[in-house]
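Quick notes on the structure that follows.
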């Protein structure tokens, strides 16, 4: 089966390129299941119930998040009733919502998605390594296809999680930093891995923020109210091919598509 992971959806530009390009990607590549990180969908900070339903309508099967999931207060009452929108699994149990979702491909193959958050340079949360052990134990034999979004700042923490889960899950993908890395690989145990999926949003920016505002912050050190940029929208992520019988990944390809459907640059790793 083929799974598409989409990097952090950022603001209106990210939502627009997702709307135009995701259905095409699904049809062109025969995608069976789509996961997208959406914690920046509402103008770069959080997500609302209305935007959540809108994004699901574009063809996303499960939405992951991270530290910005709490930025819009209206999401707190929405999370418990929408199992397809996850918050990090290693927040305390009393936090609303869930960090794991078990869905199905069109062929009826069970697919589990686990959302984790790192602790290095991030808000306080429980240890993602011990929490994922407990989560996998609870999953038991429900599915062999298991996907993990490791939302973290430090590349070392994301890489460590990839090796820690190698052979135990189908894929570990990193999110949060909005810059796509070129280290996609199949680890020795059969787990697909990439340190960061990149951003689905405006690339004429500083990781999605209006670049003039980001520069003002760096140059003056003064408080600046950030807003998302609008130009050069791209959809970034990976397509992973998984053997549903074993749960092992067979291939991983990264991509970055402009709003017109053309790949970004001439990199051979962008064949879509």
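The values are calculated or read from the model by the stated rules, or taken from the named source; none is laboratory data. Source: prediction; values computed, not measured. Note: ideal-geometry Cβ built from the backbone for every residue, glycine included; neighbour counts use all protein chains shown.
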*Take the residues in segment 3-21 that are in a helix (DSSP H, G or I) and in contact with a helix residue (DSSP H, G or I) (Cβ under 9 Å, 6 or more places away or on another chain), then tell me which one is nearest to residue 263 (Cα to Cα).*
18
*So how many residues does segment 32-45 have that are in a loop (DSSP other than H, G, I, E, B) and either out of contact with any strand residue (DSSP E or B) (no Cβ under 9 Å at 6 or more places or on another chain) or buried (at least 21 other Cβ atoms within 10 Å of the Cβ) (or both)?*
6
*Those residues of segment 104-121 which are surrounded by fewer than 17 Cβ atoms within 10 Å (Cβ to Cβ) and either in contact with a strand residue (DSSP E or B) (Cβ under 8 Å, 6 or more places away or on another chain) or under 20 Å from residue 139 (Cα atoms) (or both), in sequence order*: 104, 108, 110
*How many residues are at pLDDT below 95 and either part of a loop (DSSP other than H, G, I, E, B) or out of contact with any strand residue (DSSP E or B) (no Cβ under 7 Å at 6 or more places or on another chain) (or both) if we restrict to segment 246-272?*
13
*asked:* Cβ contacts < 7 Å: first residue at positive phi and in a loop (DSSP other than H, G, I, E, B), restricted to segment 220-235; second residue crowded, with 16+ Cβ neighbours inside 10 Å and modelled with pLDDT of 95 or more, any location; separation 6+ or different chain. Result?
replied: 232/202; 232/203
_For the structure I just gave you, tell me whether residue 106 is assigned to a loop (DSSP other than H, G, I, E, B) and closer than 19 Å to residue 150 by Cα._
no
*Please give the number of the condition residue 52 fails out of (1) buried (at least 17 other Cβ atoms within 10 Å of the Cβ); (2) closer than 25 Å to residue 226 by Cβ; (3) out of contact with any strand residue (DSSP E or B) (no Cβ under 7 Å at 6 or more places or on another chain).*
(3)
*State whether one or more residues within segment 55-73 are farther than 17 Å from residue 125 by Cβ, surrounded by fewer than 23 Cβ atoms within 10 Å (Cβ to Cβ) and touching a helix residue (DSSP H, G or I) at 6+ places or on another chain (Cβ under 6 Å).*
yes
*What number goes with the only condition from (1) surrounded by fewer than 24 Cβ atoms within 10 Å (Cβ to Cβ); (2) in contact with a strand residue (DSSP E or B) (Cβ under 8 Å, 6 or more places away or on another chain); (3) in a loop (DSSP other than H, G, I, E, B) that residue 177 does not pass?*
(2)
*From the options 136, 85, 147, 79, residue that is touching a helix residue (DSSP H, G or I) at 6+ places or on another chain (Cβ under 9 Å) and within 28 Å of residue 250 (Cβ to Cβ)*: 136
